[in-house]
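First comes the structure, then the notes that go with it.
The values are calculated or read from the model by the stated rules, or taken from the named source; none is laboratory data. Fair warning: this is a prediction, and the values are worked out from it, not measured in the lab. Note that we place each Cβ from the backbone using ideal geometry, even for glycine, and neighbour counts take in every protein chain shown.
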Amino acid sequence: MRSNTWLQKQMTRSPLASQGVLRPKGGKVNRTLVASLMLTSLVDAFSILVIFLLMNASSSTESVEIKNPNGIPLATNSDALKNGVVLNIENDKYMVGDRAVKLEELDTVLAQEKLKIPGDQAQVPLVIKASKQVDYKELSPILIVASQAKFEQYKLVVIDQVAH
Amino acid sequence: MVNMDSGHNEPTAELNLVPFIDILSTCICFLLMTTIWIQLGSFNISQAAGSSGAQEKNPPSIAVDLKPSGEVKLTMKDLPGHKNQVVDSVPARGGEIDFATFAAKMNQIHASYPDLKTVMLMPTQGIKFDDVIKTMQVFRDRQMAQIGLVPISQK
């Protein structure tokens, strides 16, 4: 290859060709071996990675911030998670956002959080996140309180698994 | 860029891959930061709002009583061809809910009464949230998606 590229200066001559008797290619035998960078394989790997990440990207335009998804129950064929008021049950506490709320104040706080979400208030769901080991006695009061706060839709957060 | 080989007149074209790799690297970094690795979903709960008219015919429904012992008691109401309630149960297995037997039982019930869509889950104290989800999963897999959760009665 006789092209005027930057690789030309670094390219070594073939050891076999240099050992030719009749017409050795290249006047001086250059013993220094320099490996050229094969970009084709790198481009192939990058392309496959980009295609994989594009296929994995979610097309949902709504997002619900769920902190620490560890311990959430697993399920299949679940529904999409809509934006709503997120209530987190952890360590025997009811967390709305980042603050712990007492059960006596929960209906007021939930109603206030519901008003912050734009759109039809009847369609604003209460998103309940709890770990697997949470006892139902902690979840039960929420159902009563949420009905007092005029919630009509309830969603239990699960980690969606692909059904086998 | 076309280069002419001095020995031959055949043109050779070179493709500069460096900018292409730059673009791919940028795309990969962006997608890695924005990709959702844990797909969250939700199970909808159909809570009753108000009472239906007394003259309306109640649809077939099944009440599922989850006991802390692991036993599951099934009470079916308003089934076609049955005037009274139909009661069944799934015994516990190893002190926990036997979901395999429960799913098989629900297969039979769903095959016998395909119009049975309404489910009322009545867990009690001591039932884990994971068991509630698994029970709901059994019904959702059989297209019985109208699931309601009954709070623990305060006596």
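Return yes or no: is B:PHE43 closer than 29 Å to A:PRO141 by Cβ, without any contact (Cβ under 8 Å) to a residue 60 or more places away in the chain and under 22 Å from the mean Cα position of the chain (by Cα)? Before the answer, list the steps.
Working: closer than 29 Å to A:PRO141 by Cβ: yes; without any contact (Cβ under 8 Å) to a residue 60 or more places away in the chain: no; under 22 Å from the mean Cα position of the chain (by Cα): yes.
Taking the combined requirement at face value, the residue does not satisfy it.
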Looking at A:ASP160, A:ASP98 in this structure, which one is within 14 Å of chain B (Cβ to nearest Cβ), within 26 Å of the chain's Cα centre (by Cα) and at pLDDT below 90? A:ASP160
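Taking the criterion of being at pLDDT 90 or above and either assigned to a loop (DSSP other than H, G, I, E, B) or within 33 Å of the chain's Cα centre (by Cα) (or both), would at least one residue in the stretch A:27-42 satisfy it? Full working, then the answer.
Step one: list which residues in the stretch A:27-42 are at pLDDT 90 or above, which gives none.
For the stretch A:27-42, residues at pLDDT 90 or above and either assigned to a loop (DSSP other than H, G, I, E, B) or within 33 Å of the chain's Cα centre (by Cα) (or both): absent.
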Looking only at the stretch B:75-111, count how many residues are assigned to a loop (DSSP other than H, G, I, E, B) and under 21 Å from the mean Cα position of the chain (by Cα). 2
Within the stretch B:1-24, restricting attention to residues that are more than 7 Å from chain A (Cβ to nearest Cβ) and assigned to a helix (DSSP H, G or I), which residue is modelled with the lowest pLDDT? B:VAL18
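Does B:ILE62 count as touching a helix residue (DSSP H, G or I) at 6+ places or on another chain (Cβ under 8 Å) and modelled with pLDDT of 90 or more? Before you say what the answer is, go through the steps one by one.
On the way: touching a helix residue (DSSP H, G or I) at 6+ places or on another chain (Cβ under 8 Å): yes; modelled with pLDDT of 90 or more: yes.
Yes.
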Any residue at all in the stretch B:87-109 that is out of contact with any Ser or Thr (no Cβ under 6 Å at 6 or more places or on another chain), within 24 Å of B:PRO59 (Cβ to Cβ) and touching a residue at least 40 places away in the same chain (Cβ under 8 Å)? yes
Within the stretch B:112-129, which residues are over 16 Å from B:ALA92 (Cβ atoms), without any contact (Cβ under 8 Å) to a residue 12 or more places away in the chain and within 17 Å of the chain's Cα centre (by Cα)? B:PHE129
Flag if B:GLY126 is within 14 Å of chain A (Cβ to nearest Cβ), surrounded by fewer than 16 Cβ atoms within 10 Å (Cβ to Cβ) and touching an Asp or Glu at 6+ places or on another chain (Cβ under 7 Å): yes
Every residue in the stretch B:129-143 that is part of a helix (DSSP H, G or I) and either more than 12 Å from B:PRO68 (Cα to Cα) or at the interface with chain A (Cβ under 7 Å from one of its Cβ atoms) (or both), please. B:PHE129, B:ASP130, B:VAL132, B:ILE133, B:LYS134, B:THR135, B:MET136, B:GLN137, B:VAL138, B:PHE139, B:ARG140
